[in-house]
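**Q** Here you go, one structure.
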């Protein structure tokens, strides 16, 4: 983007006041969003967002300056601003920038322009018609199409030079069903680090039917019972529990300060022996996949938990340097050039187990099955989590019976991980629209097979 | 220095050919962010950025494009992209730029002229003092996380082809941290507190630090109580999360799209007589105050619920045209990258007369809720309301043991009806939008814990 010579010059400028390490991050993002609501294409938005950030390390102090102008003058100015915290005056050594190559082939099959913008808009209109045709009870349909191309370049004074092209397509559809003043909503979405081949793999018109069916079904839902009970979580999205309540606690920034339940626990049993968990940024087509992270470290598959034993945390450069570790695990990610990187998950999941999912339901005398969820939240220090069942069912004598509304499941992540007593053989990642918020937003995937929690607290309004 | 208002007007002039309506927004921001840990600066970021957004309406069809690159070439590509996008949009007769109205010249208390002269060192000292106040509060407070000071000096320039052209500046200063407490058994909890103001001098770092510490200590060792129906008293953080969802249900757009549990109940008593909800875009010193909204309409004060009776909704010019009323100035703008969207400005519940201590004194048995997690559990469409909760048990008007691992559930309908006390301690909580809320007492809530 700016050329290695200019990059070396900017890095040298950033090192002049005695820093240990300097880095340039350059980003060029283009995006398109089409949104349908109330039977109209209402949103048509194109965007360009580009800029650079210069980061400088002085021991444990990290300084940052960014600019939305990619000129030599602006980059040098950012370098000087970031270097201003340094008190020394040194002559930096020569920097040899050699491009790192990734073995990962993430090239997309169908580029975004293979479909005209008119056809993309027509697809949304077709979704609206299909959703409303499902039932007269469907009172509202919304749908969106998004594409985003994010190119990043990273250079640092240790000689790292890496480039990554990330392409995302994502679609979402939602409906509202209404009967006698009772409103129920539903949502389906899918996407990935992928081109338009996404639409060959997922039929949006089928997704809107599934969403409409779920909303209509939930009109008959009764209030969820409250209290402690057995909960079966679905494969795919169900992994949001691990992500929120355990995954964040394995991110190194929470670990190094001792603020996580998993601090200092590598080698210890932290989960039931039927649990293994992985963070893997190298999987083709998934939303959290990257060839290099936003610090230029190659992404990797990191086993976090193996058969119940804690193996590794997720690291970025800042935290790795803080504890004198050689390398990061390729988890240094940032929202944009306006942000400093921090340890973030990529595609994070509980690994394959041995039970058939039907067997798990059949073996549950009384409990609830949460078929789809609408997000989750966790308290990092304590590991408490909460998430909501969008579509949930009562389990009675090993069978799914009444649909339930307002099911909110709450518990403690590390505790639940020790208690999980059945893990399915149906590992899946979520459909690919996950956005994780940790002060900055990041595209991630979560996943798991069907799992059973023998006893957690469920909020509901029925006694 | 570029005159951005002139630039915005020149782009409007270039793009507004034929019958096209054109609006250009330019934002410009200087921001500082400082994070400290264990008495030292950990992160320091100081930068500026901005960009332009162009909205074009072609016979009721609206296109939008934005760029961070203000070169002439990029600006031309941007407005042309916005014009081109109109072709795929469904025409809508209500989609028009608002006619310009005079913007009242009034000091809204949103500009701290001296902020630009506050040294980085003084900002660092504020963050360090906040962290120290937390760590010194009690020996069980073992560390802090993300102890941050941040500020921004921002300008918004807006011009359109109907003749509107104006700008304003707003300064914002905020500070927050997470206090982490540990008890003898190694059990850890965390608690966040924050403060925000348009003026640097109004940030009380020590108070933020102490409040976070105090809350973390209250949450230590929390155990569930038996499942029961009872009274809850909601701290500001909790009330703000619920009010943020209520604000969505009071948006005219939610009504027009059947996305509000309150739809069709205008003029009805939807809450107890203690409930008065306001949205005021001209609140003096309000974090969301501005002379005009995201499409150039002067901001206003709107009484949404008056002593329990639903009186009004929030409107932007589009939803107002649909309902044949006037905009309440509620078009919000997420910087230059987004379309104006209907949302709350300074949304708050009018405070009552009792102190939080008096409210707690009046409760025989119940839960003082200090933190909740509720992602998706409070729904403006269905009115469902369930979340996990932590806090302190109240018995005979006194605060007792710490409670954790419980859930609270009700519906927003019932919650509004069951508000039986409103505190005199209104606080602006700029985390879930800009919500102002006093301590609230709500009766008849399901508290889900262990089997009774």
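The values are calculated or read from the model by the stated rules, or taken from the named source; none is laboratory data. The model shown is predicted, which means the values in this text are computed figures rather than measured ones. Every residue, glycine as well, gets a Cβ built from its backbone with ideal geometry; the counts of neighbours run over all protein chains shown.
**Q** Out of the residues in segment B:239-261 that are in a helix (DSSP H, G or I) and farther than 21 Å from residue B:442 by Cα, state the one that is nearest to the other protein chains (Cβ to nearest Cβ). Can you show your working first?
**A** So in segment B:239-261, the residues in a helix (DSSP H, G or I) come out as B:239-249, B:252-256.
With the extra rule that they be farther than 21 Å from residue B:442 by Cα, the set shrinks to B:252-256.
On the way: B:252: 13, B:253: 9, B:254: 11, B:255: 12, B:256: 7 Å.
Looking at the filtered set, the residue picked out is B:256.
**Q** Could I ask something else about it? Determine if segment B:408-418 includes at least one residue that is surrounded by 20 or more Cβ atoms within 10 Å (Cβ to Cβ), closer than 24 Å to residue B:287 by Cα and under 20 Å from the mean Cα position of the chain (by Cα).
**A** Checking segment B:408-418: not a single residue is surrounded by 20 or more Cβ atoms within 10 Å (Cβ to Cβ), closer than 24 Å to residue B:287 by Cα and under 20 Å from the mean Cα position of the chain (by Cα).
So that you can scan it fast, the table gives a plain yes or no per residue for (1) outside any strand (DSSP E or B); (2) more than 30 Å from residue A:322 (Cβ to Cβ); (3) modelled with pLDDT of 95 or more; (4) in contact with a strand residue (DSSP E or B) (Cβ under 6 Å, 6 or more places away or on another chain):
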site: A:165; (1), (2), (3), (4): no, yes, yes, yes
site: A:176; (1), (2), (3), (4): no, yes, no, yes
site: A:188; (1), (2), (3), (4): no, yes, no, yes
site: A:199; (1), (2), (3), (4): yes, yes, yes, no
site: A:205; (1), (2), (3), (4): yes, yes, yes, no
site: A:214; (1), (2), (3), (4): yes, yes, no, yes
site: A:238; (1), (2), (3), (4): yes, yes, no, yes
site: A:244; (1), (2), (3), (4): yes, no, no, yes
site: A:260; (1), (2), (3), (4): yes, no, no, no
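**Q** Being surrounded by fewer than 19 Cβ atoms within 10 Å (Cβ to Cβ), outside any loop (DSSP other than H, G, I, E, B) and outside the structural domain of residue B:145 (by TED's automatic domain parsing) narrows it down to one of B:201, B:229, so name that one.
**A** Answer to the selection: B:229.
**Q** Mind checking which residues of segment A:101-118 are within 14 Å of chain B (Cβ to nearest Cβ) and touching a residue at least 40 places away in the same chain (Cβ under 8 Å)?
**A** Across segment A:101-118, the qualifying residues are A:115, A:117.
**Q** For segment A:391-407, how many residues meet the condition of being buried (at least 24 other Cβ atoms within 10 Å of the Cβ) and free of Cβ contacts under 8 Å to residues at least 24 places away in the same chain?
**A** The number of residues fulfilling the criteria is 0.
**Q** Just to be sure, is residue B:69 more than 8 Å from every other protein chain (Cβ to nearest Cβ), in contact with a strand residue (DSSP E or B) (Cβ under 8 Å, 6 or more places away or on another chain), under 30 Å from residue A:63 (Cα atoms) and not in a helix (DSSP H, G or I)?
**A** Criteria not met by residue B:69.
**Q** Please specify each residue of segment A:408-440 satisfying the condition of being surrounded by fewer than 24 Cβ atoms within 10 Å (Cβ to Cβ), within 14 Å of chain B (Cβ to nearest Cβ) and under 30 Å from residue A:147 (Cα atoms).
**A** Across segment A:408-440, the qualifying residues are A:435, A:436, A:437, A:438, A:439, A:440.
**Q** Quick check on this structure: which one of A:121, A:133 is modelled with pLDDT of 95 or more, more than 14 Å from chain B (Cβ to nearest Cβ) and assigned to a helix (DSSP H, G or I)?
**A** A:133
**Q** Tally up the residues in segment B:151-175 that are closer than 12 Å to residue B:123 by Cα and either touching a helix residue (DSSP H, G or I) at 6+ places or on another chain (Cβ under 9 Å) or outside the structural domain of residue B:51 (by TED's automatic domain parsing) (or both), please.
**A** 3
The rows are residues; the columns are (1) surrounded by fewer than 24 Cβ atoms within 10 Å (Cβ to Cβ); (2) more than 14 Å from chain A (Cβ to nearest Cβ); (3) more than 19 Å from residue B:224 (Cα to Cα).
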residue	(1), (2), (3)
B:362	yes, yes, yes
B:382	yes, no, yes
B:385	no, no, yes
B:394	no, yes, no
B:401	yes, yes, no
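**Q** Shifting gears a bit: For segment A:145-167, enumerate the residues that are more than 14 Å from every other protein chain (Cβ to nearest Cβ) and in contact with a helix residue (DSSP H, G or I) (Cβ under 9 Å, 6 or more places away or on another chain).
**A** A:149, A:153, A:155, A:156, A:157, A:161, A:167
**Q** Oh, and also: Among B:74, B:47, which is the only one that is at the interface with chain A (Cβ under 10 Å from one of its Cβ atoms), surrounded by fewer than 16 Cβ atoms within 10 Å (Cβ to Cβ) and without any contact (Cβ under 8 Å) to a residue 40 or more places away in the chain?
**A** B:74
**Q** Please return the ranges of strands (runs of 3 or more DSSP E) entirely within segment A:400-457 where 2 or more residues are at pLDDT below 95 and more than 30 Å from residue A:285 (Cα to Cα). Working first, answer last.
**A** Details: elements: A:407-412, A:435-437, A:441-443, A:445-448.
Because the criterion is at least 2 residues that are at pLDDT below 95 and more than 30 Å from residue A:285 (Cα to Cα), the strands (runs of 3 or more DSSP E) in segment A:400-457 that meet it are A:407-412.
**Q** State which residue is nearest to residue A:223 (Cα to Cα) when the search covers only segment A:376-390 and only residues that are touching a helix residue (DSSP H, G or I) at 6+ places or on another chain (Cβ under 7 Å) and either within 8 Å of chain B (Cβ to nearest Cβ) or crowded, with 24+ Cβ neighbours inside 10 Å (or both).
**A** A:387
**Q** Sticking with this one: Would you be able to say whether some residue in segment A:26-33 is in contact (Cβ under 8 Å) with a residue 60 or more places away in the chain, over 30 Å from residue B:62 (Cβ atoms), buried (at least 23 other Cβ atoms within 10 Å of the Cβ) and outside the structural domain of residue A:337 (by TED's automatic domain parsing)? So that I can check it myself, show each step before the final result.
**A** Here is the first cut: in segment A:26-33, the residues in contact (Cβ under 8 Å) with a residue 60 or more places away in the chain are A:26-33.
Remaining after also requiring over 30 Å from residue B:62 (Cβ atoms): A:26.
With buried (at least 23 other Cβ atoms within 10 Å of the Cβ) added as a condition, the list becomes none.
The answer is no; no qualifying residue exists.
**Q** Inside segment B:50-59, can you point out the residues that are crowded, with 16+ Cβ neighbours inside 10 Å and either more than 9 Å from chain A (Cβ to nearest Cβ) or under 23 Å from residue B:299 (Cα atoms) (or both)?
**A** Hits for segment B:50-59 are B:52, B:53, B:54, B:55, B:56, B:57, B:58.
**Q** Would it be correct to say that residue B:152 is in contact (Cβ under 8 Å) with a residue 24 or more places away in the chain, within 26 Å of residue A:84 (Cβ to Cβ) and surrounded by fewer than 17 Cβ atoms within 10 Å (Cβ to Cβ)?
**A** Considered against the rule, which asks whether it is in contact (Cβ under 8 Å) with a residue 24 or more places away in the chain, within 26 Å of residue A:84 (Cβ to Cβ) and surrounded by fewer than 17 Cβ atoms within 10 Å (Cβ to Cβ), residue B:152 comes out as yes.
**Q** With the requirement that a residue be within 30 Å of residue A:67 (Cβ to Cβ), within 32 Å of the chain's Cα centre (by Cα) and more than 8 Å from chain A (Cβ to nearest Cβ), what does segment B:77-100 give you?
**A** B:79
**Q** Assuming residue A:326 fulfils every condition listed in (1) free of Cβ contacts under 8 Å to residues at least 12 places away in the same chain; (2) in contact with a helix residue (DSSP H, G or I) (Cβ under 7 Å, 6 or more places away or on another chain) apart from one, which condition is it?
**A** (2)
**Q** Can you tell which of A:51, A:59 is within 10 Å of chain B (Cβ to nearest Cβ), in contact (Cβ under 8 Å) with a residue 12 or more places away in the chain and crowded, with 19+ Cβ neighbours inside 10 Å?
**A** Numbers: A:59 fails: crowded, with 19+ Cβ neighbours inside 10 Å.
Just one listed residue meets the conditions, A:51.
**Q** Determine which single condition residue B:313 fails, assuming it passes every other condition in (1) closer than 22 Å to residue B:441 by Cα; (2) more than 14 Å from every other protein chain (Cβ to nearest Cβ); (3) touching a residue at least 40 places away in the same chain (Cβ under 8 Å).
**A** Looking at each condition in turn, residue B:313 falls short on (1).
**Q** Could you please let me know if residue B:334 is under 16 Å from the mean Cα position of the chain (by Cα), free of Cβ contacts under 8 Å to residues at least 24 places away in the same chain and under 30 Å from residue A:390 (Cβ atoms)?
**A** The answer is yes for residue B:334.
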